[in-house]
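The values are calculated or read from the model by the stated rules, or taken from the named source; none is laboratory data. Computed from a prediction, not measured in an experiment: that's the story for all the values here. A quick note on method: Cβ atoms are made from the backbone with ideal geometry, for glycine too, and the neighbour counts reach across all protein chains shown.
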Amino acid sequence: MLLFVLEKILGFGRTLSAIVVLVVGLGLGLVVIRGLQGWVANKVKEVWEDEVWDAERQKGDETANSPTPESTQWLNSVLASIWPLVNPDLFTSLADTLEDVMQASLPKLVRMVSIEDIGQGSESLRILGIRWLPTGAAAQSVSVDGKIQSDSDDKKKSDRSVAGEGEVKGNTDEDAAEGQQQSAPNNAQDEQEGEAIAEGLEAEDGDFMNLEVAFAYRARSSTRKFKDRAKNAHLYLAFYLPGSVKLPVWVELRGLVGTVRLRLQLTPDPPFFALCTLTFLGQPKVDLSCVPLVKKGLNIMNLPLISNFVQSAVDAAMAEYVAPKSLTLGLKNMLVGDDFKKDTDARGVLIIRIKRAYDFKEGDSGLPLVKRGSADPYVTLSWAKFGKPLWSTRVILSEMEPCWDETAFVLVTPEALNVDERLRVQLWDSDRTTADDDLGRVELGLKDLMRDPHSNGKMWDRTDGLKALKAGEGMPGKIEWSVGYFSKSKILDSQLAQQTDDPSVQNTEQLRRKVHEESEKKLREANKDQSDELEQQKAQDFKARQDQFAISSPPPEGYPSGIFSIQIHQITGLEIGKNNKDRDDKADGASDEEETGESLPSAYCTIILNQQKIFKTRTKPKNSKPFFNAGTERFVRDWRQTEVMISVRDARVHEDDALLGVIYLPLGKIFAERSQINGNYPLAGGIGYGRCRVSVVFRSVQLQAPKELLGWDWGTLEISPQAHSSDLAHDLRGLRIKLRTSLQRGKMHYVKEGNDAKWASRHDRPIHLAVRKRYCSSLVVEFRSHSALLDKTPAFAVLWLKDIPDNEEKTVTLTVWKGDLKRAETRCVQECGQKAGTIELRVTFWSGLSGYHSKLASKDRNLADVMEVLDTANDSEMKEEADDRSGSSSDSSDSSDDDDGNDGKRLFKKSASNGSSNGGGKTADSTDDELATSGKRGPIETFKDFRKHNKQLNRRHRGLMQWKGARTVQWAKHKLEHGEQHVSNLFRHGERDTGVETEV
């Protein structure tokens, strides 16, 4: 009985186990079947699409061989033949744009990304169809209310006859006559508002071709071999992770479908196409495949990290040209091969002078009988729609009647004109820890300023009431300011006489006559009435010849101020030099230059204008031929005294970015014969080698500013060792005087001599004071009296540095005042209290950085970089051919060594950041001479030699800095110093500086 029961139980257990195994097996089978179903479906879909496209190719080949070919098949056959022969370097700009998008949206895990290679493959793009589109209303303008205007109005108001001449023209003589007959001012204002047509909606003159093109691309089915994959369009990406880990990824273009509309402007000159405007109709569909570069790499397109990033970057790049956005290409310049500018993009410059503000709202409320309400005001300039501050005045603390008297220069760009921008002058109250308070604003239309006779070519003094952010709402207070628009100057007869492009043209009348004759010959075979087209062609040819002659002649002497454009194209042969011979011997067998590799630098460029860093490119990781094609435009006060430097650095992890080399461009020298230069310049003075292709162009504006306004912002103020006064109050005689700027101070002691009061510096040496932001800075002369606790200042004098020229000694007579010193040194006013006499000084403002700025450089990373570049330029003797400028080898507060004191112009010849005042100048000179003439090096001589050349060795990564550990320690020290400075700045009133412009 017991055995029977056990047998039943065991039998039931076996049945249960069988059921469990069956259920698990069925579940696993369903999972496998489901997975195989999806894989098979995707595989079948992929094979089906490949077969469909193969059939399309075969059909295309058959159609091409048939007597009646397809309308676009001949074009596809031409593309298929030419496509593999196209130089892949032509797609470098496309890769550059895509890399910008990727660099701007990198995840935190990735340090850098680079497109190290791009290729179009052998499979060409296919044209699915071409449709001709009518011109429509493109030849008619749209007014501000959205209505299409008549042809007569278009001809009268359009300024599109010449491509690129987007500046709004003034009224014609006929318009002016009509305007004089109107007595009511509101009618004239209505007429001007009616003419304010947005730049993008004006009629376009000339013959155009409008096409709609449907295109597609499908990669050929290939094996897993990379040799076959390379036949399709591809990218080679490199992601750089922390720890210098490089992740190479092969990106293959599997498919592309889209529709684009083209608008081609015709011209009678080869290549017969001037401009091409293109826009995509909807987002093009792009199919990518990403494969890691390993022997058996899986397709990781479906993994979120790589697929989403690459796909989003490509879609974002495509979205930049989807309607209503567009891309305009200068086909004529592209096909001819001129990839450099012949003119500046900016059309002119706005000059804004901020004088004072009053009766505005209190930013910081007061308490009755305890504290009066006040404000810490400053003014910013910006475009109303763009919003970003373009310029800012200084902050005046605790002042309800501020007087700045500062001048700004704002470039007028096509982007601002296209969107019908308005100039915004905004008053702010600065706060230390909270957001700044808006105290009101003033806005004026940009095109109104360009057309108005009060501001076109002259300064317009204005007093405007402040408005609130909400439309129609006012705010208390007014602001006094001046504004003027100055356009680019036309070519002068003096320039035509100096141009080398066509010696037969010597004046404007000869140029106009020659252009008209050539234009009439070009259109003599036209089969219809081309009177309008002829006038447009004459205007375009005249503008083109003007630009050509302008760049082949030096800038006009009478107009030193203008717009400077610089563009960095590419660096070739970039590499880091070796420190010893042994490492070079190991590479003797390599004959080809390496384009990518771990040992190559990750380069970026910075542009330094008048010793101020203004622009920084993006970083190009691990590349010997980095392509930048980036640049900027700036207003320069005087091209004859302007200096431009380009520094190329290697971006490193846990190290200060190493200086690869420097390019020095004194505009007074390079523009001596031409206004446009395009050349290759070697990198000098750093740890690397290479040549950088740079193009620069300068166009003068119709401005003749006083010489006091043509100086630099950074410099060193030299004060002669003696000061005199003949009418000073008797109670002030015998007091010592302290002279100070915002950065440094010096002092003079009273010298009893005759009836006049006289002061002299120690050892009768000149006083040198560092200056920054010179046009909003002042020299304060304090008369100091001794006291038991704190010295007092019973009287003072103020010299605003905007009132003296550069590099020229000037004797100034300053009024001595008894009053509020704090208000006098911040408010630029004529009366500062009770007059107590005058004092006479001899001062010279030496433009440029000097050794006196070295302490400030330790707190500012950008300034430290500039000082390093200046040291490199001085050591490499790049400035020997340039004019002597100011500088110093001393950072003493009130004296310099004997040699520097005798000749201020020699100050710049010394290292900009090296040297300090030492009393034993002759002993140091004799020691230097001994080291230079004697080859003997004992321990003492070696130590002296090391101290003398320590900075030069460290800058070239020799000496102590040849080891990475030492460079890392130096980097950590600098990070700590800048961190401390950043914390201290949190509790100060900050100014809205625009900072360094960046590419990304």
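A few notes on this one:
- Residue count for the range 833-855, restricted to those that are part of a strand (DSSP E or B) and of a type in the set (Lys, Arg): 2
- Within the range 801-832, being part of a loop (DSSP other than H, G, I, E, B), surrounded by fewer than 19 Cβ atoms within 10 Å (Cβ to Cβ) and at pLDDT 90 or above holds for 805, 808, 809.
- Qualifying position, being modelled with pLDDT of 75 or more, not in a strand (DSSP E or B) and not assigned by TED's automatic domain parsing to the domain that holds residue 48, among 220, 224, 261: 220
- When the range 681-696 is filtered for residues that are under 23 Å from residue 342 (Cα atoms) and touching a residue at least 40 places away in the same chain (Cβ under 8 Å), the ones remaining, listed by number, are 691, 692, 693, 694, 695, 696.
- Test: residue in the range 317-325 that is assigned to a strand (DSSP E or B) and either out of contact with any helix residue (DSSP H, G or I) (no Cβ under 6 Å at 6 or more places or on another chain) or of a type outside the set (Ser, Thr, Tyr) (or both): yes
- Residue pairs meeting the criteria (Cβ under 7 Å; at least 6 apart or on separate chains; first touching a residue at least 40 places away in the same chain (Cβ under 8 Å) and closer than 20 Å to residue 386 by Cβ, in the range 418-442; second part of a strand (DSSP E or B) and among the β-branched types (Val, Ile, Thr)): 425/379; 425/442; 425/479; 426/379; 426/380; 427/379; 427/479; 428/380
- Screening residue 414 with (1) assigned by TED's automatic domain parsing to the domain that holds residue 463; (2) in contact with a strand residue (DSSP E or B) (Cβ under 7 Å, 6 or more places away or on another chain); (3) touching a residue at least 40 places away in the same chain (Cβ under 8 Å) gives one miss only, at (2).
- Hey, residue 770 within 27 Å of residue 404 (Cα to Cα) and in contact (Cβ under 8 Å) with a residue 60 or more places away in the chain or not: yes
- Top-ranked residue of the range 610-632 - restricted to ones that are surrounded by fewer than 20 Cβ atoms within 10 Å (Cβ to Cβ) and under 30 Å from residue 774 (Cα atoms), ranked as nearest to the chain's Cα centre (by Cα): 632
- Inspection of the range 710-729 finds a residue satisfying the criterion of being under 30 Å from residue 341 (Cα atoms) and among the aromatic types (Phe, Trp, Tyr).
- Residues that are assigned to a helix (DSSP H, G or I) and out of contact with any His (no Cβ under 8 Å at 6 or more places or on another chain) were ranked within the range 960-971; the one that is surrounded by the most Cβ atoms within 10 Å (Cβ to Cβ) is 961.
Yes or no, residue by residue, for (1) of a type in the set (Lys, Arg); (2) in a helix (DSSP H, G or I); (3) at pLDDT 50 or above:
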position: 866; (1), (2), (3): no, yes, yes
position: 874; (1), (2), (3): no, yes, yes
position: 879; (1), (2), (3): yes, no, yes
position: 888; (1), (2), (3): no, no, no
position: 891; (1), (2), (3): no, no, no
position: 900; (1), (2), (3): no, yes, no
position: 908; (1), (2), (3): no, yes, no
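- Neighbours by Cβ (under 8 Å, 6+ apart or cross-chain): first from the range 238-252, among the basic types (Lys, Arg); second part of a loop (DSSP other than H, G, I, E, B): 246/598; 246/622
- When we screen 74, 83 for residues that are at pLDDT 80 or above, part of a helix (DSSP H, G or I), among the aromatic types (Phe, Trp, Tyr) and more than 30 Å from residue 312 (Cα to Cα), the only hit is 74.
- Considered as a group, the residues in the range 330-376 that are assigned to a strand (DSSP E or B) and at pLDDT below 80 include one that is surrounded by the most Cβ atoms within 10 Å (Cβ to Cβ), and that residue is 330.
- Spans of strands (runs of 3 or more DSSP E) in the range 704-787 with at least 3 residues of a type in the set (D, E, K, R) and buried (at least 20 other Cβ atoms within 10 Å of the Cβ): none
- Any hit, the range 688-698, residues being within 30 Å of residue 799 (Cβ to Cβ) and either over 21 Å from the mean Cα position of the chain (by Cα) or of a type in the set (Val, Ile, Thr) (or both): no
- Looking only at residues of the range 228-254 that are among the charged types (D, E, K, R) and more than 16 Å from residue 117 (Cα to Cα), we find that the one that is surrounded by the most Cβ atoms within 10 Å (Cβ to Cβ) is 254.
- Listed conditions (1) in a loop (DSSP other than H, G, I, E, B); (2) assigned by TED's automatic domain parsing to the domain that holds residue 729 are all met by residue 859, apart from (2).
- Residue within the range 580-600 that is touching a Gly at 6+ places or on another chain (Cβ under 8 Å), at pLDDT 80 or above and on the phi < 0 side of the Ramachandran plot present: no
- In the range 788-798, the residue that is farthest from the chain's Cα centre (by Cα) out of those that are crowded, with 20+ Cβ neighbours inside 10 Å and not small (Gly, Ala, Ser) is 796.
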